Amino acid sequence: MDLTRLPGFLAARLAKAAVVILAIVVCNFLLIHAAPGDPASVIAGQSGAADERFLAQLREQFGLDRPLHVQLWIYLKGVLTLDLGFSHRQQLPVWTLIQARLPATLLLTGTAFVFAIVTGVTLGALAARRVGRWADSLITVIALTFYATPLFWIGLMLVLVFSVWLEWLPSFGMSSVGVELHGMAVVLDVAQHLLLPALTLGLFYLAVYARLTRATMLEVADQDFVKTARAKGVPEGRVLRAHVLRNAMLPVITFAGIQAGQLVGGAILVETVFAWPGIGRLAFDALLARDYAVLLGVFFCTSVMVVAFNLVTDLLYAVVDPRVEAVG
Amino acid sequence: MMDFWRRFRRNRGAVVGLCILVLVLLLSATASLLFPDSPWDMAAAPFMPPGEMGMLLGSDSLGRDVAAGIAHGARISLLVGAVSTAAALLIGVTLGAIAGYAGGIVDDALMRFTEFFQTIPSFVFAILLVAIFSPSIGSIVFAIAVVSWPPVARVVRAEVLSLRSREFVQAAEVLGKAPLAILLTDVLPNALSPIIVLSSLMVATAILTESALSFLGLGDPNLMTWGFLIGAGRSVIRIAWWMSVFPGLAIFLTVLALNLVGEGLSDALNPRLARRRA
């Protein structure tokens, strides 16, 4: 893409992202009011858990006796200043809770995503070069299998095999309990704990990316510009890397953007299975306690994560594909 | 019809899938005959491994029969899958048809709306919906429908867009037929095949989502489901592997069968595409 157009492109995408985030806040607000019972008790957590004085204070704070649009405005102002409410159960602001858990989730989803995309694209490219051979069929079978298996069940089966039967890897948490480690030992310890959850989350997308890469590489390999490159005498390895793979990456990037929401949803399940201390686990605990303020906060934060990720994939797409024009 | 069946049969995977699906349907239909007692009742000593004390697939921490749970759970899974897909189809077809037929601002607004629902993390949203409206089979079906209609709307819109400029639709317009009547009798019937293929995949996804919700403890508290069984087996996986392995296999087989049938349907309904792939 023409780099002078980048600012305009960026501005358009940012505006779009802002609208989506605004819509999510409104969505949260509507949910609070659609829930059965008093909105104050929804904000506070399960009814009965909060005392009357606290509820009265909440009604005052959110202006629950005022018209709906005023309430929406108050709520919007709160969220935009990162005031996501207060968890009555944990006696802490929701944003503080989420902030503490965010790094663990980013580590898990980031590792799973990089693992899935690198391995998936490599396997897909290999399969495309050997169409119809056993490696090719193997990828199709793996993809079909992972499409049909519940994510949390894959996690449990990995725990069963690698933690219970083989006793190779820890089955829960992010670090060993009761031992003091320093330096590299800490990194190794976390890596050991990370392996199974990241594998669980990554395997499904690995299959998806492998299939997608295979399909698009086969499609691109037939096109004229590839034949031209070969005719010019460009070495085969370079043809595959610079011409075929670069173009085949476009749908993969688009798809990665579309799937970002699912990746975050999957993280909730994986974190629950492995007791990984991220926002997914936070959501699960909030679920058990019916702590709606935390749940709404988690929904908001995961949505913002997805919107941000989509922004990155849009930009990446524009950089990889010279044909994308800088229009909204 | 015979032609359709012949093309469907050519996809071996689809036939296998159909057989599995028929077996699961039979299992759910005969659950009360095979296991007349409630799946919540104690049937044996707790933690009996498969094959002992007459427990084909073992018993759980309260001595409940895992096999009975799976048989009764099959009903709920299939029911939730079918009903939530039907509801999602209703929303998706309506919005997609309106967007595609009306065009202009209406189309634009509806597509932005659809895009929004595709952007938000759908599973997190489903959790939120079920939690706030308290877990019941109704709220679960509602939540799954709300997060799964967007692809339907997109497919239907695309079909309607390509069909509305065709001669038979223009002819109906010239004859003064009402837009709604044209949509219902001329356009939608011709857009049926992609909708059918999509819905078989949606039932599969709905079953997966339902199991994940129940696994997190958001299932209907009065109903035995596959996800609930796995959730109950999670904390005791070290002493009773069978409690989580078998219900998971049931989900896997059912969802796999639906995906395979979906591919078979796609081959049978789009013969040209299928031949190209072969």
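Any read-out appearing in this document is the output of simple, stated calculations on the displayed coordinates, not a laboratory observation. Everything numeric here is computed off the predicted structure, so don't read it as measured data. Cβ sites come from the backbone with ideal geometry, for glycine too, and all protein chains shown count toward neighbours.
At a glance:
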{"read-out": "Point-charge dipole on Cβ atoms (K/R +1, D/E -1) for the protein assembly as shown, about Cα centre, debye to 20", "value": "2000"}
{"read-out": "Rounded to whole Hz, the Karplus (6.51, -1.76, 1.60) HN-Hα couplings of region B:215-224, x for glycine and proline", "value": "4, 7, x, 9, x, 5, x, 9, 10, 7"}
{"read-out": "Helix B:12-29 vs. chain B, principal-axis angle (Cα, 0 to 90°, nearest 10)", "value": "60"}
{"read-out": "Calculated FRET efficiency for the pair B:Asp41/B:Ala109, C-beta based, R₀ 56 Å, to 0.05", "value": "0.60"}
{"read-out": "Ellipticity estimate at 222 nm from DSSP helix runs (n ≥ 4, -39,500 (n - 2.57)) divided over chain A, nearest 500", "value": "-24500 deg cm²/dmol"}
{"read-out": "GNM result for chain B, Cα springs below 10 Å: residue of B:Ala257, B:Ala171, B:Ala126 fluctuating most strongly", "value": "B:Ala171"}
{"read-out": "Top positive-direction residue, dipole computed over the protein assembly as shown with Cβ charges, set B:Ser235, A:Gly8, B:Leu213", "value": "A:Gly8"}
{"read-out": "GNM flexibility winner over chain A from A:Leu316, A:Leu288, A:Leu199 (Cα, springs under 10 Å)", "value": "A:Leu288"}
{"read-out": "Relative contact order [Cα under 8 Å, 6+ residues apart], region A:101-275, whole percent", "value": "37"}
{"read-out": "Most fluctuating residue given options A:Met249, A:Met184, A:Met217, as computed from a GNM of chain A linking Cα atoms under 10 Å", "value": "A:Met184"}
{"read-out": "Using alpha-carbon coordinates, inclination of helix B:66-102 to the longest axis of chain B, degrees", "value": "20"}
{"read-out": "Sequence-distant residues sharing a close amide H with B:Arg64 (under 5 Å, placed H)", "value": "B:Ala43"}
{"read-out": "Global geometry of the protein assembly as shown, whether rounded, prolate or oblate, following the gyration tensor of its Cα atoms and the 1.5 cut on a/c", "value": "rounded"}
{"read-out": "Additional length obtainable on full extension of the chain from B:Ser61 to B:Ser134, 0.36 nm per residue less Cα span", "value": "23.7 nm"}
{"read-out": "Cα centroid separation, region A:236-310 to region A:199-231 (Å)", "value": "22"}
{"read-out": "Packing-based exposure ordering (other Cβ within 10 Å, fewest first) of A:Cys27, B:Cys19", "value": "B:Cys19, A:Cys27"}
{"read-out": "B:Leu180, B:Leu208, A:Leu92, A:Leu160 arranged by Cβ crowding within 10 Å, fewest neighbours leading", "value": "B:Leu180, A:Leu92, A:Leu160, B:Leu208"}
{"read-out": "Global geometry of region A:101-275, whether rounded, prolate or oblate, following the gyration tensor of its Cα atoms and the 1.5 cut on a/c", "value": "prolate"}
{"read-out": "Neighbour-limited loop hits for chymotrypsin sites (Phe, Trp or Tyr not before Pro), region A:141-192 (at most 16 other Cβ within 10 Å; DSSP other than H, G, I, E, B)", "value": "A:Trp168, A:Phe172"}
{"read-out": "Estimated vicinal HN-Hα couplings, Hz - region A:17-34 in sequence order (Karplus 6.51, -1.76, 1.60; Gly, Pro = x)", "value": "4, 4, 4, 4, 5, 4, 4, 5, 4, 4, 4, 4, 4, 4, 5, 4, 7, 7"}
{"read-out": "Angstrom value of the Kirkwood radius, inverse mean 1/r, which spans all Cα pairs in chain A", "value": "22.6"}
{"read-out": "Helix B:242-269 axis, angle to chain B major axis (alpha carbon atoms, nearest 10°)", "value": "20"}
{"read-out": "Distance cut-off 20 Å, percentage of C-alpha pairs in region B:33-99 lying past it", "value": "47"}
{"read-out": "Relative contact order, percent, region B:1-121 [alpha-carbon distance under 8 Å, six or more residues apart]", "value": "16"}
{"read-out": "Sites B:Trp5 and A:Arg230 - FRET efficiency at Förster radius 45 Å, r taken between beta-carbons, to 0.05", "value": "0.50"}
{"read-out": "Approximate spin-label separation A:Ala11-A:Thr254, in nm, with each point projected 7 Å along Cα-to-Cβ", "value": "2.7"}
{"read-out": "Placed amide H near A:Phe86: partners under 5 Å, 5+ positions off or other chain", "value": "A:Val94"}
{"read-out": "Unit charges on C-beta of K, R, D, E only; dipole of chain B, Debye", "value": "940"}
{"read-out": "For chain B, the fraction of alpha-carbon pairs in successive 10 Å shells from zero, as %", "value": "7, 24, 28, 22, 12, 5, 1, 0"}
{"read-out": "Förster radius 56 Å - calculated FRET efficiency between A:Arg133 and A:Ile74 (Cβ-Cβ, nearest 0.05)", "value": "0.35"}
{"read-out": "Cβ-based charge dipole, the protein assembly as shown, positive-most Cα from A:Gly237, B:Leu79, B:Met202", "value": "A:Gly237"}
{"read-out": "For A:Thr213, A:Thr313, A:Thr228, order by how many other beta-carbon atoms lie within 10 Å, fewest first", "value": "A:Thr228, A:Thr313, A:Thr213"}
{"read-out": "Backbone HN-Hα couplings from phi across region B:158-164 [Karplus 6.51/-1.76/1.60, Hz, Gly and Pro as x]", "value": "4, 5, 4, 4, 6, 8, 5"}
{"read-out": "Size of electric dipole in chain A: Cβ of Lys, Arg +1 and of Asp, Glu -1, about Cα centre, debye, nearest 20", "value": "1080"}
